[in-house]
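Participant: Quick one: the structure is below, questions incoming.
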Amino acid sequence: AAVPRSVQAANRAIFDAAERNHQMRGMGTTCTVLLLRDGMAYGAHVGDSRIYLIRGGDIFLMTEDHSAVMELVRRGVITRDEARHHPDKNVISRALGSHRDVQVTGWPQPFAVLPGDRFLLCTDGLYDLVDDEQLLATARDVHPQVACDRLITLAREAGGHDNISVAILVMSTPHESTSAGMRETRAIEIPQ
């Protein structure tokens, strides 16, 4: 419950800043939060930025987009594959800062993290252009910074022009532990 409450507090701060500065009014942002504590992972999100878990040879989407198209998928009107190419795929139904209160989706329960697990957090500027198989192949076996750079390059080569953000956290194996028990690398490309 603490993670969703923190996201709600961030939402109020963004909304209040927009109330003070009218040039910011109506602007919103998506958010993913991953908290790792005592070997457990907690997550929450608003909008269509995503959290993926890479475990062994598999990739798992850990969030569900708050978007008009995903609502069509939930209702069985279109498939997930059709959603990827839908013209309204980037119309989000929730964003931080657009309203005083926001509904945050938090994971119902934390889960145990295993050594070698990787978490990939990203914006739609990445996953719209790089499919899950490419995400997995690029992010699972190489150094996190190299993987982030390669993923951004793949998205740019596929026509990416929006904010492309990606972060990869690698849970250390017992023989390569760090003080925090993980390595984090992030790469963000914002077009000029």
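The values are calculated or read from the model by the stated rules, or taken from the named source; none is laboratory data. Just so we're clear, the structure is a prediction, and the values are computed from it rather than from any experiment. Cβ placement follows ideal geometry from the backbone for every residue including glycine, while neighbour counts extend to all protein chains displayed. For the accessible areas, the whole protein counts, side chains as well, though only heavy atoms, and no ligand, DNA or RNA atoms are used. Shrake-Rupley method; radii C 1.70, N 1.55, O 1.52, S 1.80 Å.
Participant: Want the number for MET24 to GLU82: 0.36 nm per residue separation, take away the alpha-carbon distance, what's left?
Facilitator: Stretched fully, the MET24-GLU82 segment lengthens by 17.5 nm.
Participant: Highest GNM mean-square fluctuation, the chain, Cα pairs closer than 10 Å: which of ALA167, ALA44, ALA112?
Facilitator: ALA112
Participant: Still on this structure, please answer the following. Long-range amide H contacts for ASP117: which residues qualify at under 5 Å (H placed 1.01 Å from N, peptide plane, sequence gap of 5 or more or a different chain)?
Facilitator: Long-range HN contacts for ASP117: MET171.
Participant: What does the C-alpha gyration tensor say about the overall shape of region 1-148? Classify as rounded when a/c is under 1.5, otherwise prolate if a/b is larger than b/c, or oblate.
Facilitator: Verdict is oblate for region 1-148.
Participant: Shifting gears a bit: Measure off, as a whole percent, the carbon and sulfur share of the 1.4 Å-probe accessible area of region 17-132, all protein chains present.
Facilitator: It is 51 percent, rounded to a whole number.
Participant: Still on this structure, I have one more. What helices does the chain have that are whole DSSP H segments, at least 18 Å long along their own axis by Cα, and with mean Kyte-Doolittle hydropathy of 1.6 or more?
Facilitator: Length and hydropathy pass: none found.
Participant: Using modelled amide H (1.01 Å from N, peptide plane; none on Pro or chain starts), what sits under 5 Å from the amide H of VAL91, excluding residues fewer than 5 places away?
Facilitator: Long-range HN contacts for VAL91: ALA68, VAL69.
Participant: Which value, in Å², gives the accessible area per residue of region 1-144 when a 1.4 Å probe is used on the protein heavy atoms?
Facilitator: 53
Participant: Moving on to the next point. Under the Karplus relation 6.51 cos²θ - 1.76 cosθ + 1.60, θ = phi - 60°, what is the ordered set of whole-Hz ³J(HN,Hα) values for region 91-107, x standing for Gly and Pro?
Facilitator: These are the phi-based 3J(HN,Hα) values: 7, 9, 9, 9, 7, 6, x, 7, 9, 4, 10, 9, 8, 9, 9, x, 4 Hz.
Participant: With a ≥ b ≥ c taken as the square roots of the eigenvalues of the C-alpha gyration tensor of region 32-102, please select rounded if a/c is under 1.5 and otherwise prolate if a/b is larger than b/c or oblate if it is not?
Facilitator: oblate
Participant: Now for a separate question. What does the charge count around THR63 come to, taking other residues whose C-beta lies under 13 Å from its C-beta (Lys +1, Arg +1, Asp -1, Glu -1)?
Facilitator: Here the count lands on -2.
Participant: Enumerate the calculated ³J(HN,Hα) couplings along region 39-49 in order (Karplus 6.51 cos²θ - 1.76 cosθ + 1.60, θ = phi - 60°), each rounded to whole Hz, writing x wherever the residue is Gly or Pro.
Facilitator: For region 39-49, the Karplus-derived couplings read x, 10, 10, 10, x, 7, 7, 9, x, 10, 6 Hz, x marking Gly and Pro.
Participant: May I pose another question? With θ set to phi - 60° and the Karplus curve 6.51 cos²θ - 1.76 cosθ + 1.60, what are the ³J(HN,Hα) couplings of region 50-61 in order, to the nearest whole Hz, using x for Gly and Pro?
Facilitator: Rounded to whole hertz, the list is 10, 10, 10, 10, 10, 10, x, x, 10, 10, 10, 6.
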